[in-house]
Amino acid sequence: MNNSLRVVMITHGYYPRIGGAERQLAALTPLLQEEGIEVHVITRRDPGLLPFERIHNVPVYRLPVPGPKLTASAAFTLSALNLLRHLKPDIIHAHGLDTSPARIALIFKCLTNRGVFSKSLFEEGHVSALRTPPCASLRGRFLNDIPVMTKILRSGKSGLGDIDRFKQKPFGKKLLPFFLRNTDAFVAISREIDAELALSGVPKHRRVFIPNGVDTNRFRPLSAENKTALKKKMNISGSPVLIFTGRISPEKRIRHLLRLWPVVRQSHPKAKLLIAGDGPERAELEESAGPGARFLGAIDDVSPYLQTGDIFVLPSVAEGLSNALLEAMSTGLAVVATDVGGASDVITHDKNGCLIPADDLPALQAAILRLSGDAELRNDLGIRACDHIRQNYALPMIAKRLRMLYGQMTHISDS
């Protein structure tokens, strides 16, 4: 790419804040820099963090969020708008529809008077080029327009998915059409999210499917000998070792996993359960954890724990495309996951993992007991899971797809 593109990403959280979306973005931005994209990150300032620093040569601006929620949101918005004016981005890439990043991106576009209130070139039938494939159609733009794209982080109803949460905000149902109409491109990380955007009226040429990716060099399986040595070093005994990594919050349904854990231990007395992460339910659930279950707290690098594991369990009721799931599969674990979000995009049941219905405790118990009692099946599923992730979800592949999309949205292409 001859001409350097300046992309400003706006996100609520960024490394060292621990979470799936934060880890994904922090791993992706250096690869985009290597692809010739000048990336800047705007995020909220958590206590104890610097207002500005470079992380892997990526400038990270942490803006203040003082006072109660409304005041904090207003302060973050105003500071971000002022910073955007100085950064002069070629593209604004917001992460999350229902939060302030998407709002800030569109307000900036409006204030710079670059086409928000004019008839968009994306309107159906306005330009014949819109009948070309999705990515190519993104090239038809106003000459001076700053493209705004938004990554949708989660699907789901009952206030769990980005779109549904947006609707539940004050004036959300009235404002949603404006956001959907004036955002130039939506990145859907799962087929389920893409379907929700379609049902909300976003045309195909403004929906681009780019899943999350994983660092397959970091998240890789160990030989049996090295795995045994690592377990000894980390003081993890027993078999099989089940593991969950992620935020400990109601939608993750860790409560279900702990409820059936005594049954698993009765059939497999040496089984161990590792729960890595933090969140609003941690304190309560940790108190109720039975023998063999261990809460690890927030872990900066979960890869060694995954490498000691045998089975990864994700009982969530809502997801986008779980980074934790991709990491576990890349590490070669047999996985049990609920069929929500992008799980069915990644898992073919009984081929490279096990899919079960959400909130179905008997199905969750049956899948865990089946894998716990069959080491050969665990090994076969883990090998196929690892191969599938390496072929389709390696992080450099995702970076190249994003770079291509950026170029198409701004007329800058590879040479």
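A few remarks follow.
- Taking each residue of segment 89-118 that is assigned by TED's automatic domain parsing to the domain that holds Lys167 and more than 17 Å from Ala74 (Cα to Cα) and looking for partners that are surrounded by fewer than 19 Cβ atoms within 10 Å (Cβ to Cβ) and modelled with pLDDT under 90 with beta-carbon atoms closer than 6 Å, six or more apart or interchain, yields Arg114/Asn144; Arg114/Asp145; Gly115/Phe142; Gly115/Asp145; Val116/Cys110.
- Some residue of segment 70-83 being within 22 Å of Arg401 (Cα to Cα) and either polar (S, T, N, Q) or in the same structural domain as Arg103 (by TED's automatic domain parsing) (or both): no
- The set of residues in segment 347-363 being more than 9 Å from Leu381 (Cβ to Cβ) and surrounded by fewer than 19 Cβ atoms within 10 Å (Cβ to Cβ) consists of Thr348, His349, Pro357, Asp359, Asp360, Leu361, Pro362, Ala363.
- So Ser249, is it among the polar types (S, T, N, Q), loosely packed, with under 15 Cβ neighbours inside 10 Å and in contact with a Gly (Cβ under 8 Å, 6 or more places away or on another chain): no
So that you can scan it fast, the table gives a plain yes or no per residue for (1) in the same structural domain as Glu327 (by TED's automatic domain parsing); (2) within 22 Å of Lys272 (Cα to Cα); (3) modelled with pLDDT of 95 or more; (4) among the small types (Gly, Ala, Ser):
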position: Cys354; (1), (2), (3), (4): yes, yes, yes, no
position: Ala358; (1), (2), (3), (4): yes, no, yes, yes
position: Ala363; (1), (2), (3), (4): yes, yes, yes, yes
position: Ala366; (1), (2), (3), (4): yes, yes, yes, yes
position: Arg370; (1), (2), (3), (4): yes, yes, yes, no
position: Gly373; (1), (2), (3), (4): yes, yes, yes, yes
position: Arg378; (1), (2), (3), (4): yes, yes, yes, no
position: Asp387; (1), (2), (3), (4): yes, no, yes, no
position: Ala399; (1), (2), (3), (4): no, no, yes, yes
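- Odd one out for Leu402 among (1) of a type outside the set (Ser, Thr, Tyr); (2) more than 22 Å from Val241 (Cα to Cα); (3) surrounded by fewer than 20 Cβ atoms within 10 Å (Cβ to Cβ): (3)
- The condition of being at pLDDT below 95 and either at positive phi or among the charged types (D, E, K, R) (or both) holds for only one of Gly341, Gly320, that being Gly341.
- Residue within segment 399-410 that is in contact with a His (Cβ under 9 Å, 6 or more places away or on another chain) and assigned to a helix (DSSP H, G or I) present: yes
- Selection over segment 271-328 of residues that are touching a residue at least 60 places away in the same chain (Cβ under 8 Å) and part of a helix (DSSP H, G or I) gives a count of 11.
- Any hit, segment 188-200, residues being exposed (fewer than 15 other Cβ atoms within 10 Å of the Cβ), among the hydroxyl-bearing types (Ser, Thr, Tyr) and more than 20 Å from the chain's Cα centre (by Cα): no
- Subset of segment 124-165 that is of a type in the set (A, V, I, L, M, F, W, C) and part of a loop (DSSP other than H, G, I, E, B) - its residue that is modelled with the highest pLDDT: Leu153
- Close pairs (9 angstrom Cβ cut-off, 6 or more residues apart or separate chains): more than 26 Å from Asp184 (Cβ to Cβ) in segment 386-409, of a type in the set (Ser, Thr, Tyr) and in a helix (DSSP H, G or I) anywhere: Cys386/Ser330; Ile389/Ser330; Arg390/Ser330; Ala394/Ser330
- Filtered residues of segment 260-289 (kept if touching a helix residue (DSSP H, G or I) at 6+ places or on another chain (Cβ under 7 Å), at pLDDT 95 or above and more than 17 Å from Ile311 (Cβ to Cβ)): Glu281, Leu285
- Residue that is nearest to the chain's Cα centre (by Cα), among those in segment 343-380 that are in a helix (DSSP H, G or I) and under 20 Å from Pro211 (Cβ atoms): Ala343
- Among (1) modelled with pLDDT under 95; (2) in contact with a Ser or Thr (Cβ under 8 Å, 6 or more places away or on another chain) - the single one Lys231 does not satisfy: (1)
- Only residues that are part of a loop (DSSP other than H, G, I, E, B) and surrounded by 22 or more Cβ atoms within 10 Å (Cβ to Cβ) were counted across segment 254-270, and they come to 0.
The values are calculated or read from the model by the stated rules, or taken from the named source; none is laboratory data. Since the structure is predicted, the reported quantities are computational estimates derived from the model, not experimental observations. Heads up, the Cβs are rebuilt from the backbone with ideal geometry, glycines too, and the neighbour counts pull from every protein chain shown.
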